[in-house]
Amino acid sequence: MNSPQYLFLASGVKNGEGFWIVEIKNCDENILEDKTILDCYRKELIGNESARDILFAINLNITNLLNELRNKNYLIEKPSMGISFDIPLDLLESIFDFWLDVYKNPEAWETCLGLLKIRKRISLSNLIKSKSLKGNSKKWAVKVEDLHTYLPNSHKFEKINDPMWK
């Protein structure tokens with residue numbers, strides 16, 4: 001059954017801890033009744049299967065971004081639920097809007113989702129620069145890579161290596 005669902009981006013708070021959340025609910029009242037939700041910034045009524053596909057892409061994009069920031073030793077808080085407020089709303093809105101929009105074009109969706117899965121392992125920058133990608137793949141790779149270019153103002157965590165004689 002492909003009943004309509006709400007895919008939404010909201011802010012929330014639980015036990016005094018703030019977070020962003022991208023989720024699916026089956027009706028408007030379920031969003032409004034959720035006491036952890038503060039404000040809803042994006043809300044789209046779409047089919048269940050589409051909502052799940054888009055949510056998968058949004059979550060993978062955010063996971064890729066967070067993993068890259070942690071690998072670069074940026075201090076990103078990890079809330080007990082949802083996404084850290086360290087990630088700015090405008091970036092999350094851009095990610096949400098991009099994946100919602102690209103889903104409307106099946107060929108673009110398949111290309112972008114494939115690029116997103118590649119991006120999980122490696123940056124697309126080298127593929128773009130090396131001219132390995134042609135035509136629409138290159139155009140979409142630039143857009144997908146752009147969704148992964150955020151760097152926070154927060155301080156980097158500098159690892160201190162123990163002396164080798166210890």
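Which of the residue pairs LYS120/LYS143; LYS117/LYS139; LYS43/LYS104; LYS43/LYS120 have a Cα-Cα distance greater than 20 Å in the structure shown?
Those over the limit are LYS43/LYS120.
For the chain, with every protein chain kept in place, what is the accessible area per residue (1.4 Å probe, Å²)?
Ligands and nucleic acids excluded, the figure is 61 Å² per residue.
Of the accessible area of the chain, with the probe set at 1.4 angstrom, what percent is carbon plus sulfur?
50 percent
Going from most exposed to least, what order do ASP86, ASP101 have by accessible area with a 1.4 Å probe?
Highest to lowest solvent-accessible surface, that is ASP101, ASP86.
Just reorder SER80, SER11, SER130 by solvent-accessible area, largest first, 1.4 Å probe, all chains present.
Sorted descending by solvent-accessible area, the residues read SER80, SER130, SER11.
Rounded to the nearest 500 deg cm²/dmol, what is the calculated helix-only ellipticity per residue at 222 nm for the chain, with -39500 (n - 2.57) per DSSP H run of length n ≥ 4? Working shown, then result.
Values: 6 runs with 77 residues, N = 166.
So the calculated ellipticity at 222 nm is -14500 deg cm²/dmol.
Quick one: among GLU23, GLU33, GLU44, which has the greatest mean-square fluctuation in a GNM of the chain with alpha-carbon springs under 10 angstrom?
Maximum among the listed residues: GLU33.
I need the per residue convex hull volume for the chain, using only the alpha carbons, in cubic angstrom as a whole number.
Numbers: hull volume 25.1 nm³, N = 166.
Dividing the Cα hull volume of the chain by its residue count gives 151 Å³.
How much accessible area does LYS120 have with a 1.4 Å probe, in Å² rounded to the nearest 10?
140 Å²
So if R0 is 22 Å, what FRET efficiency would LEU38 and THR149 give, r being the distance between their Cβ atoms, rounded to the nearest 0.05?
Approximately 0.20, to the nearest 0.05.
Using the charge dipole of segment 1-127 (Lys, Arg: +1 at Cβ; Asp, Glu: -1 at Cβ; taken about the Cα centre), state which of VAL102, TYR6, CYS112 has its Cα farthest towards the positive end.
CYS112
Work out the length of the dipole vector of the chain about its Cα centre, built from +1 on the beta-carbon of each Lys and Arg and -1 on the beta-carbon of each Asp and Glu, and round it to the nearest 20 debye.
On the way: 23 positive and 23 negative charges, 219 e Å.
Magnitude of the dipole: close to 1060 debye.
The values are calculated or read from the model by the stated rules, or taken from the named source; none is laboratory data. The model shown is predicted, which means the values in this text are computed figures rather than measured ones. Note that we place each Cβ from the backbone using ideal geometry, even for glycine, and neighbour counts take in every protein chain shown. These accessible areas exclude ligands, DNA and RNA; they are computed on the full protein's heavy atoms, side chains included. Shrake-Rupley method; radii C 1.70, N 1.55, O 1.52, S 1.80 Å.
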